[in-house]
Structure formats: C-alpha cells, structure tokens
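The values are calculated or read from the model by the stated rules, or taken from the named source; none is laboratory data. Keep in mind it's a predicted model, so treat the numbers as computed, not measured. Here the Cβ positions follow ideal geometry from the backbone for every residue, glycine too, while neighbour counts run over all protein chains shown. Areas reflect the complete protein model, heavy atoms only, side chains present, ligands, DNA and RNA absent. Shrake-Rupley method; radii C 1.70, N 1.55, O 1.52, S 1.80 Å.
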Amino acid sequence: IAEEKLKESEAQFKDFFEKASDAIFIAEIESGIIVDANIAASRLLLMPYNHIIGLHHSQLHPKDKAVYSNETFTGHTLEAQQKGSTHPSENEVVRSDGSLVPVEILAAEVTLKGKHCLMGTFRDISARKQTEQALQESEFFFRESQHAAFIGSYKYDLLNDSWTSSEVLEQIFGIDKSYSKNFQRWLDITHPDDREMMNRYFNEEVLAKRKLFNKEYRIIRKSDDEIRWVLGLGKLNFDAEDNIVEIMGTIQDITERKLADESLLESNELNNSLMQTIPFGMDIVDEEGNTLFISKNMEKYFGPDSIGNKCWNLYRDDKTQCSDCPLHSGINIGNTDLYESNGVFGGRTFQISHTGMVFRGKKAMLEIFQDITEKKEAETELIAAKEKAEESDRLKSAFLANMSHEIRTPLNSIIGFSELMSEPDYTHEQQFQFARFINVSGNNLLTIISDIMDISKIEAGQVQVKKTIFSVNQLIIDIEKEYSFKAIEKGIELGIDLPGSKNEIFIETDKDKLKQILVNFVGNALKFTSEGYIEIAFKMAGDAVQFQVKDTGIGISAEFHQQIFERFRQVEPAHTRKYGGNGLGLPISKALIELLGGTIWLESEQGVGSTFYFKIPK
C-alpha cells in the first residue's frame, strides 16, 4: 500500500512538475549540477531539455549576478524556509540567444533518488518589470510637467475637510508641508477682496449646482505676502449614493498673463486714436484676413465699403493670399515682423510690417505698407555687382591661399631635407630616408602643378578626347593593384566589385581620362578614410556604364554636396584643414566626366562615409 501511495504521489508530482507554467529546475546541493527541469524551463531558456541537464546552476545567470558557491546558493533559502519566510528573490537568467530575462525565484529543499537537491521555481516577471518602469516614467513625467508649466495639483476630501497638494502647488501658495490644510486655511490664502466671492462660488456654484471648478482669483502668497493671480480647475468625484466626496484639480499661477492682458486693454484707446492719424497706408485684419479697419490714407484708395473684405482682394493684383502671409502660422499678440509682397497696387513691391494685437476684444493683425519698388530694383543691381566682384575676389584668394599652402609644404620639405643630406653627421640610412622624403614631396609638388595645368587646359577648351576600345574590368583591377599598398599602409581594405569573369565589359572612350577620374576618387577616399574599407565598382546602365567609389571615411555634410565640385573649394577652411589638398581634384573629375558625355553625383553623410557615382556612354 505504501509503495502504491508513493507511486501515486510521484505521479501527481510529475504531472504538476511538467504542467507547471513556471520554469522549475532541480539541482544537486553538493555539486550544483542541474539534474531535472520541466517543459516551462525549456521555454524560458529557449533551450532543449537535454541541453539543460548537466549545466551548473550558476550558468543560468549573468556572471555579475550568478551564485557560484553552493553554500550561498542554498544557505539563505533554507534559512528563510526554516524561519517560515516565503519571500522570493529576484535575479536574471541567460537565454540561449544571449538575452536576459528577469525572474522571481522560490526555492525548496527536496530529496531526489536519495540525493539532497534544491528545487527552484523561476517565474518570468518581464511584464511586471516593464509595468513598473512605465509607472516610474509616468510619475517622473507628471512631476516634471508640473514644474515646467508651474501648475500644481490638489485633492480635497470633503468628508474630512482636508486637502493635499503637490510640491509645485506649495510653491505657488508659499507654504510648506507643515501648513494645516483645510477649507478655511485655503480661504486664508485667498486675497481678502476675493475671499467672500470665492466662498460663495464654491458653495453655490460648485457644491450646490455640481459645476466644475473653474475660476480665476487672487491669493496672497504666504512666503512673501505677494499678490498673485491663479487659475483654479477642479473635477467632482461621487460615491455610490451620488454624494460629492472629493474634488481633484490643478492651480496655475497666471499673474504674468493677467498683467499683460490688463496692459493691452489699457493701451487700446491710445492705439485707436493713433491709428486714425498715421500718414501712411495701414489696415487691421482678423485671423481670417477680413479687413476690420483701414487708415484714412488707405480709405481714399478703396473707399469706406472695403471693411469686411479680404485684405488681399483690396491690394494684391492677383487677388490671392500671399504665400508667406503671417496668418498661415497664426497671430502672436505683441510679435512684430516684416515681409515683402510683390504684385501690389499694379506690380509694385511693398514692405509690410505686421504686428499681432487685440482689437475690439479679439486677435487681429496690424499691417503697415511702405512702397519699396525703386529701392528693391537698386538693391538687386547692387547685390548682383557686389556678388560678381566678391566671387572674383574669393576665387583669387582661394587660389593664392591654396597654392601658398600646398606649394610651400613640399618645397619646404625638399629644401629642408636637401640641406640635411649635405650634413656629414648623418648615416647612409638616414640620408636614404631624407631622399625618400624629398621624392615624396617632389611628387606632391608635381601633382599640384599637373592639377593646375589640367584645370587651365579644361577651362581653355584645349583638352581633347582620344577614344580607344579597352576592358573596364582590367582597368579596375589595375587601379586596385596600384593603390592596394597605400590602403594596407593605412590599415583599410581596398576592394573591387566586378560583374563577373564571364561579363567582361569593353567600352570605347578615353582610357587615360577615365583612369584619371577613378584615381582622383580613390585618392580622395584613401585621404579621408582612416578605418573601414574602400570599394571600386561598375555596372551596365542601359547604353552607359555606371561607376562608383564607396568609402567609410569622414563623409560630407549635405550643405557641401554641390560646393565640393567648385574650383579650390574644400569643406574646411585652409587654415584648419588637417587633410591637405588643393581643391582641384573633384572639379577636374567633374569636368572630365562631362567632357566624356557623362554625369556625376554623390551620396554622403558626415561621419558615415561617401559614395561617388558617375556614368559615361558605352
């Protein structure tokens, strides 16, 4: 009978063990090895059952949260059980994909096949953790929003005649947490001239008629006795018998707004009298553009019947609203700005000053008209002449600055190392190194002079295209071989992407100029790329061949995408550049591509890299 009951008990335990929704692990206390686990454990770890068995219990947890000692693994849990405690512990488990899952763990000591084991129930608490995080973020947002808008919140318990307030509301009232908070003490904060009115409003309107609390009133701030205006809002809460038991709401300090409103109202009479005597054209329109007022100077053009018409129907030749009309973005009271409008009063140009204001109790816009037609024509001619002169001066300065910097650098190197070679104190190896520096600087100087000659020939129309038929694949391979050593020196990868050995492409164009274009792009990519890769590729695009040189260098901001193809133009000023160059490589490449009948464009993002594309006829 005992054996039968044991079997029945074991069967029930096994059924519970396998069907449990929480993951269960059983580990030997002495070795810490997991000897059994249920299906939920496999789901939790995203791991097959046979992979779980044999793991050490510490492998379930991240290294910084794992329990490596059997004594610490079992001691606290068993001690807590002996004291009758059922508090779970929290930890994280590592899934097979490397992700971490927060779990709540309950442990119990069991005997399995004669061995002392610890059975741990692991409950996934991801959803609870996310809810807790969302609640914390919501509370933080609520607190910060009150501080930002200077709006305090309160809750008034009518049954106990007591109210609680947020930190911001205490700041508005000038009180602290020790302040006794009941209805009378709220009235004590209210300005004496408003106290009777607010008491009557609260009892007769809010409580008796069950209206929402919505009132502007004055208070005397307790901390400094300063008079402040506040806006109180509140919502009523009822019990099951429909009795009012609570009012919840907000109170906002609106002192500055009230003072501004009073100031505007006081100035309205003065404004009205001034507007009638202004000698230049002026009108006032509402938010829809309807004319509310025109000055005497304007009335003689349109007549007194113009009131109520759309302002653009009065003075614009095409009878349409200006595209940059300030009414599109709304009227801001007290804000003044200027804009120009063409096609006014028979093709004239007017400068229109507009100011947001309150007119007859509602938002409006004051417009003042000034004819600037002749002034604009003179300005346009002057600006064109000035820009032409500045462009000429800029190009000259850019040329001199670039050449001064770029030519002096290699010349200084050549002169300096030449002088060092004549010194007998240096070894043969050092003099050989000096000679190599001289050679590099000489080549750099030759490149600068060649670029200047090339751009001069291009602009003079002296460059001729010599077409031959050749393999594009082989040209790309040759360029890759030529620059692979420089790429290795910089620690970057230089690769090519060809259509395939069976798709060798032959084109008829100027091979030397095509190579010069590609070499310019590859040279720039090597100059501005310090890590990552450079890739040269091409593909057929209809009757043309499209090339691209891609790098993972410093990239170019969108604002400079067109400017870099101008002569002597570089992204950085000459005195701050760290990469050097005379600014002629890309303009030369663009001119050569256009000479070959092609087009050029680029895609680039600062800090990510650049891809230069160009397409030439096949």
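Accessible surface of segment 1-59, 1.4 Å probe: 59 percent of it comes from carbon and sulfur atoms. Per-residue 3J(HN,Hα) values for segment 341-352, derived from phi via the Karplus relation 6.51 cos²θ - 1.76 cosθ + 1.60 with θ = phi - 60°, read 10, 9, x, 10, 6, x, x, 7, 10, 10, 8, 10 Hz in sequence order (x marks Gly and Pro). A crude spin-label estimate for the pair Glu423 and Ile227, with each label 7 Å from Cα along the Cβ direction, gives 8.6 nm.
How much area per residue is accessible in segment 328-397 when the probe is 1.4 Å and only protein heavy atoms are counted (Å²)? Provide the component values of the computation, followed by the final result.
On the way: 4390 Å² over 70 residues.
Spelled out: the 1.4 Å probe surface of segment 328-397, per residue, equals 63 Å².
Mind giving me the FRET efficiency for Gln430 and Glu504? R0 is 41 Å, r the Cβ-Cβ distance, nearest 0.05 is fine.
Calculated value: 0.25.
Placing R0 at 60 angstrom, the Cβ-Cβ distance between Lys363 and Gln12 gives a FRET efficiency of 0.15 after rounding to 0.05. Legend: distances between Cα atoms for Lys65/Lys113; Lys177/Lys209; Lys467/Lys539; Lys511/Lys550; pairs beyond 25 Å are Lys65/Lys113; Lys177/Lys209.
Please give the peptides 586-593, 43-50, 237-244, 283-290 ranked by average Cβ packing (other Cβ atoms within 10 Å per residue), highest first, as a rough proxy for protection. Please list the in-between numbers first.
Values: 586-593: 21.5, 43-50: 14.8, 237-244: 9.6, 283-290: 17.6.
Highest to lowest by the protection proxy: 586-593, 283-290, 43-50, 237-244.
Computed extension length for Lys63-Glu299: 76.5 nm, one decimal, from 0.36 nm per residue of separation with the Cα-Cα distance subtracted. With a simple spin-label model that places each label point 7 Å from the Cα along the Cα-to-Cβ direction, the separation between Val463 and His328 comes to 4.2 nm.
Accessible surface area normalised per residue over segment 485-560 is 52 Å², counting heavy atoms of protein chains with a 1.4 Å rolling probe.
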